[in-house]
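**Q** Structure below; questions to follow.
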Amino acid sequence: MPIAQPRRSLVTGANRGLGLEFVRQLLARGDRVVAACRHPGKATALNALAGEHPGRLHVLPLDVADEKSRTAFAHELPLVCDGIDLLINNAGVLHSGERWGGISAANLEDSLRTNAIGPFLLTQALSSQLADGGTVANLSSMMSSLGTDPDFHSPSYRISKTALNMATKMLAKALEPRGITVIALCPGWVLTDMGGSGAQITPGESVSELLETIAAATPARSGGFYDRYGKAMAW
Ligand SMILES: NC(=O)c1ccc[n+]([C@@H]2O[C@H](COP(=O)([O-])OP(=O)(O)OC[C@H]3O[C@@H](n4cnc5c(N)ncnc54)[C@H](OP(=O)(O)O)[C@@H]3O)[C@@H](O)[C@H]2O)c1
């Protein structure tokens, strides 16, 4: 049976944007939260939140694209919590301004490492610490969809998020025997550094809808790709 209301949650890329808003809303609903970010010493907003919620928020270093960092994180996590009911693979990167003829291997590799390989291997590294019946939510994007006819922009991002969708399917299969639900979610077009000033919704609106969709996720929905309202999206 899925856990109705996750209480021990982990968010990657938690120092700004959607990740920071996930942390705020998870704390507000009463969860114990581990917030992972690349540079905890510079994560002013997260450290302020930790001061406001003593003992309920731990800030740990994690670069999801770096194997050594993922390994160190997996060793450190049990020191601050006794398991994870909800893992939100939120950290992501979008290299803007890519033009055909000038796409670099560095952009593609960084996008794949951060957006697809990182979430996949982090989930594997943490699997023994994930609670049976728990949930893994991967932040994908409508830009990953093969079912649309996309314009040629941000190919490194699109390719890496499409890979994340298959990683979601594979994780769903691997964790199915333990009743762990793994879903890919599109948050909408959100006003963050990545979304830019033309975006349509605030992080607050997006995250509150995403958390409702996550709470309603059952094993029957595992391996699926959904919008923030929980409606199935075209792969
Ligand atoms: N905003 C949108 O409209 C939108 C739409 C669809 C999907 N998404 C997805 O939603 C997620 C969050 O996006 P956002 O809008 O909040 O983006 P954002 O404002 O650019 O924030 C990205 C976060 O990811 C972190 N990050 C990047 N690379 C990392 C790495 N290697 N290791 C650990 N953390 C890393 C960043 O940390 P630093 O501060 O250290 O750089 C930052 O905290 C992403 O996966 C994104 O693809 C966003």
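The values are calculated or read from the model by the stated rules, or taken from the named source; none is laboratory data. Keep in mind the model is a prediction, meaning the values are calculated, not measured. Cβ sites come from the backbone with ideal geometry, for glycine too, and all protein chains shown count toward neighbours. These accessible areas exclude ligands, DNA and RNA; they are computed on the full protein's heavy atoms, side chains included. Shrake-Rupley method; radii C 1.70, N 1.55, O 1.52, S 1.80 Å.
**Q** When a/c is below 1.5 the answer is rounded, else prolate if a/b is larger than b/c, else oblate, so apply that to region 1-93 with a ≥ b ≥ c taken from the square roots of the Cα gyration tensor eigenvalues.
**A** Taking the square roots of the gyration eigenvalues as a ≥ b ≥ c, region 1-93 is rounded.
**Q** Moving on to the next point. Compute the signed sum of charges (Lys and Arg +1, Asp and Glu -1) over the other residues within less than 10 Å, Cβ to Cβ, of D63. It would help to have the intermediate numbers written out before the result.
**A** On the way: positive: R38, K68, R70, R113; negative: D66, E67.
Neighbour charge sum, excluding D63 itself: +2.
**Q** Give me the percent of the accessible area of region 26-160 that comes from carbon and sulfur atoms, probe 1.4 Å, all protein chains in place.
**A** C and S atoms contribute 55 percent here.
**Q** If contacts are Cα pairs under 8 angstrom and at least 6 residues apart, what is the relative contact order of region 8-226 in percent?
**A** Reported relative contact order: 19 percent.
**Q** Given R₀ = 35 Å, FRET efficiency for T148-H39 by Cβ-Cβ distance, to 0.05? Mind showing how you got there, number by number?
**A** On the way: r = 36 Å, r/R0 = 1.02.
E between T148 and H39, to the nearest 0.05, is 0.50.
**Q** Follow-up question, since we're still on this one. How much length, in nm to one decimal, is gained on full extension between D132 and E109, taken as 0.36 nm per residue of separation minus their Cα-Cα distance?
**A** Going from the current span to full extension adds 5.0 nm.
**Q** Right, something else. Per residue of region 153-163, in order, report the coupling 6.51 cos²θ - 1.76 cosθ + 1.60 (Karplus, θ = phi - 60°) as ³J(HN,Hα) in whole Hz, putting x for Gly and Pro.
**A** 8, 6, x, 5, 5, 4, 4, 6, 6, 5, 5
**Q** Based on DSSP H runs of at least 4 residues, each adding -39500 (n - 2.57), what is the mean residue ellipticity at 222 nm of the chain after dividing by all its residues, to the nearest 500 deg cm²/dmol?
**A** Working: 7 runs with 86 residues, N = 235.
Taking each H run of at least 4 residues, the total per residue is -11500 deg cm²/dmol.
**Q** Can you list the lysines whose alpha carbon sits under 30 Å from that of K42, skipping same-chain ones fewer than 8 residues off?
**A** K68, K161
**Q** Residue by residue through region 142-151, which ³J(HN,Hα) values in whole Hz follow from phi under the Karplus form 6.51 cos²θ - 1.76 cosθ + 1.60 (θ = phi - 60°), with glycine and proline marked x?
**A** 4, 5, 7, 5, 7, x, 10, 10, x, 5
**Q** Over all Cα pairs of region 8-226, how is the pair count split among 10 Å bins, expressed in % and running from 0 up to the last occupied bin?
**A** Taking all Cα pairs of region 8-226, the binned fractions are 8, 35, 39, 15, 2, 0 percent.
**Q** For the chain, give the magnitude of the charge dipole about the Cα centre (Cβ charges: +1 Lys/Arg, -1 Asp/Glu; no others), in debye to the nearest 20.
**A** Taking the Cα centre of the chain as origin, the dipole is about 220 debye.
**Q** Can you give me the C-alpha center-to-center distance between region 177-235 and region 58-130, rounded to a whole angstrom?
**A** Computed from Cα coordinates, the inter-centre distance equals 18 Å.
**Q** Using the Cβ atoms and a cut-off under 13 Å, what net charge is assigned to the surroundings of M233, where Lys and Arg are +1 and Asp and Glu are -1?
**A** Overall, the nearby charge balance is +3.
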